[in-house]
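One structure is given below, encoded as structure tokens.
Any read-out appearing in this document is the output of simple, stated calculations on the displayed coordinates, not a laboratory observation. Just so it is clear, the model here is predicted, and its values are computed rather than measured. Heads up, the Cβs are rebuilt from the backbone with ideal geometry, glycines too, and the neighbour counts pull from every protein chain shown.
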């Protein structure tokens, strides 16, 4: 993917993407960033298992989502790749401290989201510690998603 981006005029961008919450970087979230004409792209590192996509983090933590909930094929300049569906991207928003930014991101993502899929992701254990389920961390994230969705519904009414 890097070569394709470079062919299209994107340059490596060494700064951290300020749109990604710093807590994620502390936990070990890694990205490779590119820029072209003030348009930034951040590709993040994941590992692919037979049944799930996993974002490895520090301290033995990882974030896993089963393919059945996230499997999405995208095309970028003729190259196909798998990526997150918008519903899964919502699960990063509780870590965004800037409420204005979080609101803008919700407003941008929600029109593309299926509430049923959000519920399925919310109800599955997504955090693991040394390969073992960490239901408490998953439940905390789910409650924050509920709060964000509730707040966005109140504002839109």
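Taking a ≥ b ≥ c as the square roots of the eigenvalues of the Cα gyration tensor of the stretch 105-157, is the shape rounded (a/c under 1.5), prolate (a/b larger than b/c) or oblate?
prolate
When only alpha-carbon atoms count, how far does the chain stretch along each of its three principal axes, as whole angstroms with the largest first?
That gives 43, 40, 29 Å along the principal axes, largest extent first.
If each DSSP helix of 4+ residues adds -39,500 (n - 2.57) and the sum is divided by the residues in the chain, what number results at 222 nm, nearest 500 deg cm²/dmol?
Computed ellipticity for the chain at 222 nm equals -11000 deg cm²/dmol.
Label points 7 Å out from Cα along the Cβ direction at residue 3 and residue 137: separation in nm?
3.6
Going by C-beta contacts inside 10 Å, put 6, 54, 80, 87 in order with the fewest on the left.
The fewest-first ordering by Cβ neighbours comes to 80, 6, 54, 87.
Once R0 is set to 22 Å, what does the formula 1/(1 + (r/R0)^6) return for the Cβ-Cβ distance between residue 124 and residue 58, expressed as a FRET efficiency to the nearest 0.05?
Efficiency at R0 = 22 Å is approximately 0.50.
Order these by the 10 Å Cβ neighbour count, fewest first: 7, 104.
7, 104
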